[in-house]
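Undergrad: My questions all concern the structure below.
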């Protein structure tokens with residue numbers, strides 16, 4: 001089963017595609033096979049959005065949006081850890097000065 005449909009609690013129809021996310025072809029012999037598959041409707045170029053289920057919001061989000069949110073979260077985490085390291089350094093440096 002490469003795809004399935006479900007109805008959400010609010011009545012919206014959801015379509016899940018479990019097929020290969022993508023593949024590339026460089027070999028001319030394989031390209032001819034894939035071209036024939038395409039003409040028979042067995043494979044097609046994906047033209048819709050890519051989505052992912054966000055377990056924190058319980059919503060399906062666009063991949064581009066999810067990547068942006070992840071980048072922002074990583075930036076904030078990096079900023080927080082950097083400040084924590086500076087505070088720890090100042091605390092330890094001050095502690096060393098008091099002892100000596």
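A short reminder: the numbers here are calculations on the coordinates, not readings from a lab. Small disclaimer: the values here were computed from a predicted structure and weren't measured. Counting neighbours? That spans all protein chains shown, and the Cβs are built from the backbone with ideal geometry, glycine included.
Undergrad: Compute the length gained on full extension between residue 39 and residue 16: take 0.36 nm times their separation in residues and subtract their Cα-Cα distance, giving the result in nm to one decimal.
TA: Difference between extended and current length: 5.9 nm.
Undergrad: Just to be sure I understand the model, the point goes 7 Å from the Cα along the line to the Cβ. What's the resulting residue 47 to residue 6 distance in nm?
TA: With each label point 7 Å from Cα toward Cβ, the separation is 2.8 nm.
Undergrad: Work out, step by step, the length gained on full extension between residue 27 and residue 86: first 0.36 nm times the residue separation, then minus their alpha carbon distance; give nm to one decimal.
TA: Additional length available on full extension: 15.9 nm.
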